[in-house]
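Reading through the structure tokens given below for one structure.
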Amino acid sequence: LQHASSTTHHSMPSGMYSLSGDQALVDHEGTVRRLSTAQRERLSQDLTVVQTNLHILNDMLTELQPDAISSDDLELLQVGQL
């Protein structure tokens with residue numbers, strides 16, 4: 001991690017840290033201000049998986065009938081509570 005000084009990075013605000021090249025930009029408090037291309041791609045893929053999982057959960061909950069819950073459905077819904 002290198003501190004962004006005015007002599008090496010003219011466009012970077014004081015107190016910012018760069019991991020060089022196309023990598024993350026982190027400020028002095030540790031807040032990520034910019035993601036690398038690879039990080040953005042991975043985040044996008046992960047968010048797509050989460051969105052798909054939410055759609056599946058929504059479909060499951062829509063079809064769920066409280067008076068007719070199977071033990072398999074109940075077990076599946078409780079796995080996330082571990």
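The values are calculated or read from the model by the stated rules, or taken from the named source; none is laboratory data. Remember, predicted model here, so these are calculated numbers, not experimental data. Here the Cβ is made from the backbone with ideal geometry for all residues, glycine too, and neighbour counts use every protein chain on show.
Structure values in brief
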read-out	value
Some residue of the stretch 28-39 being acidic (Asp, Glu), in a helix (DSSP H, G or I) and under 23 Å from the mean Cα position of the chain (by Cα)	no
Tabulated pairs, the stretch 41-62, first closer than 30 Å to Gln23 by Cα and in the same structural domain as Asp73 (by TED's automatic domain parsing), second outside any helix (DSSP H, G or I) and modelled with pLDDT under 95, C-beta under 8 angstrom, 6+ apart or interchain	Leu43/Leu35
Lone qualifier among Leu19, Leu35, Leu64, Leu43 - being among the aliphatic types (A, V, I, L, M), surrounded by 12 or more Cβ atoms within 10 Å (Cβ to Cβ) and modelled with pLDDT of 85 or more	Leu35
